[in-house]
Structure formats: structure tokens, C-alpha cells
């Protein structure tokens, strides 16, 4: 198909498609003449993936470029590909050194031991969780820190649902990354919106 | 205290403090002489709140400015203040019109009816949830849509934990907004990191 049709099929405007191509998120088409190229289903699919990650995954163009580079890098084996993709969509935000951080490290470690979770202190999610706990301490939200086990229990339920969905065919690399990356980043947004909808219901029950 | 001490106490660099003041996120100090001002505990507290929202709440300066305007607006009654604050930290991202959107609207509506959740189709969280479902459909993640009830169940658990934490003293406006806004935005990050830590554990159990 031509560029105009690609744009119509996906609903992505032509200038945006060209921008994604320049940024290396979408492969160029097969040249068919001067200033013309042919696009296939793989372009439609990739464009939809990129848009989903931008709009509802909250990912930056730079992060998406990294992800697409991983899909297109044949040296990355499947298992490593999925691990790399998961890491790429996980924010890493260190706490500032100091007593809040030390206390947060200790609390998180205790939580993971208590729940029998795997402990890898260098994981981006681990580092960010330490930062979140240090911040909650600093702004005086000790009630949230004390409720940590309730949140961890809910997180286990989510992770169980996530993992039930895995286990499809991962020999299709693009599909495998789609599953991990959409599941994680768009999944975070899904959970955040469901949380608010549930809050509205429960607070109505409590206060009316 | 002087600016230097304010910076030392909070760990926020002086240029950043000055930037927040120019943007209206933090009130100026009490002038004590030419080019000098005095800052109090309220400055320390506000700076910590702003930093928490920037660093772990993922909020923009514009959104935080709106929030601070709400705290400082005496015409907003407490209940409205909390509602406004919650809305301000909830992303609203509409789906593009079309069959994906229509189907997503229907599915979300059915979910809320099934679970007995409050239905307000104009809520930002509702609009964004429709967009997420339309996107999942478009990129072929029908398995996630089918798992919607599992995610909703986990979201209920989270919301129950959230609501147990409310009910403190809301006559302190800054505190009330802190509770809602930190709970929601930094809470989303907490849940996202716990989800990943739980995933790592469960996937290890499954695959090793």
C-alpha cells in the first residue's frame, strides 16, 4: 500500500509516520519509484504498537527506539530479548542518599523476605521502590508505608493475571515484545484507571 | 531560615527552589532585607511535596501548579478540593472515534455493571480506560481484555487499601491534598514497581 493508505488504515497522520521513520521506530517502505514506496502489514502493525506505547504506555520516543532496536537485533536471544524489553519499560529512579533511603531499603528488603519474593537489589523496579518508600517517609505518609503488605498482595494478584497471559508463541519476536511491553506499560495505565474507578465506588459506599 | 538552610534541609538545590517559586509552586519567603528572605516549616513541607510529585508522581509542573492553586484557593470547599485534586492527577486521554472505541465503551460499561461499580462516563479515568481498551483491541491483546475482571479485582483490593488510609483530619487543606495526591500519583508508581517485583518472583516459580 501507499503512504496515504497506510495513514488511513492506522489513523496515524502522514507527518507522524514520517517522523517515526526518521526516528527509526518504523522501517522505511520498499521503494517503488521516485519518491514512492510500498508498505505492508508489518508497517501497519508496527505503527499501531508505537502509537499504543506513546499514547497509553507513557513511553518516550527514545525508550521506544531502544525497544524497536532490541526486536530488530538478531543477536538478542528470545529470553534475553524479553528481559531487556521489560527492563527498558521500567523506570529507574534512585533515592537520594541519606537516612530516608537507608530506612526505605531496609523496609523493602523486609517486605520481600516476608512475602518470599525474589530479591535483586539492582533491579530498576527495586531501586525505584526504594525511592518511593523514602519519599513517602519524607512527606509523612507513614500510613501508606504501613499498608505496604496490602499493596503487595494486590500486586501479586496483578502479576498472577499477567503471567497467565504469557506463554503464547514467543518465536515471533515482535509479538513477544508486544506482549511484555504492552502488558507492562499500557497495563500500568489500565490498572491506574481501574483503581480510580474502584475508589469512586468504594468512597461512595463509605460516605453516602 | 535562610534560602541556603532551606536548600540544605530539603536537599533541593537553590536554583530549583527559585524555579519553583517563579512557577508559583512554592510561596516566596518573608522579606527580611535587601535580597534576603526568611523561610519556615511550611516552605520545607511544600518543597518536599512538590519534589515527591515531580520525582515519583510523574506530574508536570503545570499540573502541580494547578494543584497548589487549589490548595491556596479558599473558595474551594474541602470536599470539592479533594475531588478537584483527584481529577487533576488523573490523566484523560480519549480514544479515537471508530469501531474500536464503540466496542471498548461497551465492554467497560459491562464490566462496571458486572462489578456494581459507579458509572460516570465523563470521568477522566473512565474516558482513559475506554482508550486503553480500544488500544488493546487494536494491537491484538484480546487476552488482556478477557482478563479484565482479574485486573478489576486487584484494583478493588488497591482501592480498599487506599480508602482505609483516608479519613484523617481534612481540615488541614494541604494535608488533605497531600493524602489524595501523593496516594494517587506516587501510589501508582508504588503499585507499578511492586507489580514488577511480583512478576519476577512468579515468573521464576513458573519457569525454573
FRET efficiency, 1/(1 + (r/R0)^6) with R0 30 Å, evaluated for residue B:66 and residue A:102 via beta carbons: 0.30
Chain B, closest residue to the rotation axis toward A, by beta-carbon, whole angstrom: B:154, 2
R0 of 51 Å, Cβ-Cβ distance residue A:42-residue B:119: FRET efficiency to nearest 0.05: 0.85
Euclidean distance of C-alpha centroids, region A:8-85 and region B:42-121, integer Å: 31 Å
Top of A:115, A:34, A:107 by mean-square fluctuation, Gaussian network on chain A, Cα under 10 Å: A:34
222 nm mean residue ellipticity, helices alone, for chain A (DSSP H n ≥ 4; -39,500 (n - 2.57); rounded to 500): -21000 deg cm²/dmol
Convex hull volume per residue in cubic angstrom - Cα atoms of the protein assembly as shown: 164 Å³
Among B:37-48, A:43-54, the order from most to least packed when residues are scored by Cβ within 10 Å on average: A:43-54, B:37-48
Folded to 0 to 90 degrees: helix A:124-138 orientation relative to chain A principal axis, Cα: 50 degrees
Shape box of chain A [Cα atoms, principal axes, largest first, Å]: 65, 49, 33
Exercise: per-residue mean of other protein chain Cβ atoms within 10 Å, A:55-62: 3
Label-point separation, residue B:73 to residue A:34 (7 Å along Cα→Cβ), nm: 5.9 nm
Average other protein chain Cβ within 10 Å of Cβ, residues A:146-152: 5
Pair-distance profile P(r), taking every C-alpha pair of region A:95-196, with 5 angstrom steps and integer %: 2, 11, 17, 20, 19, 15, 8, 5, 2, 0
Percent RCO, i.e. relative contact order, over chain B, from Cα pairs under 8 Å lying at least 6 residues apart: 21 percent
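Just so you know, all these numbers are worked out from the coordinates, no wet-lab data involved. Every value quoted in this text rests on a predicted model; they were computed, and no experiment measured them. Note that we place each Cβ from the backbone using ideal geometry, even for glycine, and neighbour counts take in every protein chain shown.
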